[in-house]
Amino acid sequence: MMASSYNAKEEDGHHSGASGPGGGGAIKSKKPDNTAFKQQRLPAWQPILTAGTVLPAFFVIGLIFIPIGIGLFVTSNNIKEFEIDYTGIDMSSPCFNCSQTYSWNSTKPCMCSVPFTLDQPFESNVFMYYGLSNFYQNHRRYVKSRDDSQLNGDKSSLTNPSKECEPYRVNEDKPIAPCGAIANSLFNDTLELFYNNPNGSLTPIDLSKKGIAWWTDKNVKFRNPGGSNSNLTAVFQGTAKPVNWRKPVYELDSDPDNNGFINEDFIVWMRTAALPTFRKLYRIIEKKNNLIPTLPRGNYTLRVTYNYPVRSFEGHKRMILSTISWMGGKNPFLGIAYITVGSVCFFLGVVLLIIHHKYGNRNNSADIPN
């Protein structure tokens, strides 16, 4: 058996030979068509970078970015924020006993009260967050451990959840609703806030649990199965609660508009965080009187129903009180980034201007001896 090789030149030769006087074939050429596009004759614009164009660009960028960065930085610093750690690691912490004794197998919740002081009043609406650290919600298998069809109200997925939910798919031969590791690890601490009156009594602070989830999550992505059927007990009949939950999903709230899969605390938790240290919106303290601060300065008490153990993964739990502005919560990074870029551009503009002034006026047509 003889080996054969392919040669483009030989093929071209055969074609040219076939197209000679004795052949009737047409000439085949590999040359691109004679068009402006294929022959690269399209009109193009190529900027010529000179000192007259580069220097003004650097100065304009610097003069624009620096004021914007200062405005963003000042706006971020005007946002008031208070944070308290209630994990209970230190023996002096009010929640120390709860952190040492409570686990997922505990049958009774542990209660603790954490006093703190606000040195300045909080105006406008105040947003209350819970924060966790060393909790990797961005783990690949953790992020995939959910069934979006089940959460969207699909009845077939309710009784036959996705295999991605393993090992939290079935419990006691019943499908888990909601299934998956994300739902199973739902944050379930209860936080209550009280103002300490001078006479020693406690005044509870109204905490609103409505409006803490994204509108698209609440109205599009999460739906209860059964449609308009308000009897969630019957809808979820034949399913099991997640392993670490104390009560089934249809008992999360007495309000039918905030129960089941459309419970806003549950929806907020199901939106996973990108970093191991994160915060999630828990409640909103709405301003009711324009003449009185939402949270006046003074002494407060945070009453915690300790249901969420974090000692097993060396985590920390925090409660954060924060106001917001037109740019969102407190985050000075954007302002610092604008100031840095603007300052660098302005500095480079000054340096290049000095170089141009010193060396740019030299005669480039120096005499060259023969």
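Of the residues 49, 72, 42, the single one that is within 30 Å of residue 292 (Cα to Cα) and not in a strand (DSSP E or B) is 72. Of all residues in region 197-233, those being within 22 Å of residue 248 (Cα to Cα) and of a type in the set (A, V, I, L, M, F, W, C) number 4. Could you list, in sequence order, the residues of region 34-76 that are of a type outside the set (Val, Ile, Thr), open to solvent by 70 Å² or more (accessible area, probe 1.4 Å) and more than 23 Å from residue 335 (Cβ to Cβ)? Within region 34-76, 34, 37, 38, 40, 41, 42, 43, 44, 45, 46, 49 meet the criteria. Looking for something open to solvent by 70 Å² or more (accessible area, probe 1.4 Å) and touching a strand residue (DSSP E or B) at 6+ places or on another chain (Cβ under 7 Å) - is there at least one such residue anywhere in region 114-127? So far as region 114-127 goes, yes, one or more of its residues are open to solvent by 70 Å² or more (accessible area, probe 1.4 Å) and touching a strand residue (DSSP E or B) at 6+ places or on another chain (Cβ under 7 Å). The residue that is nearest to residue 321 (Cα to Cα), counting only those in region 82-103 that are surrounded by 13 or more Cβ atoms within 10 Å (Cβ to Cβ) and among the hydrophobic types (A, V, I, L, M, F, W, C), is 82.
Pairs meeting the criteria (first residue in region 241-262 and at pLDDT 90 or above, second residue open to solvent by less than 70 Å² (accessible area, probe 1.4 Å) and of a type in the set (Asp, Glu), beta carbons under 7 Å, at least 6 apart or on different chains) are 258/264; 259/253. Candidates are the residues of region 249-266 that are assigned to a loop (DSSP other than H, G, I, E, B) and in contact with a helix residue (DSSP H, G or I) (Cβ under 9 Å, 6 or more places away or on another chain); the one that is surrounded by the most Cβ atoms within 10 Å (Cβ to Cβ) is 263. Only residues that are modelled with pLDDT of 95 or more and over 30 Å from residue 120 (Cβ atoms) were counted in region 302-347, giving 7.
The values are calculated or read from the model by the stated rules, or taken from the named source; none is laboratory data. None of these values were measured; they are calculated from a predicted model. Quick reminder, even Gly has a Cβ in these numbers, built from the backbone with ideal geometry, and neighbours come from all protein chains shown. For accessibility, only protein heavy atoms count, side chains too; no ligands or nucleic acids. Shrake-Rupley method; radii C 1.70, N 1.55, O 1.52, S 1.80 Å.
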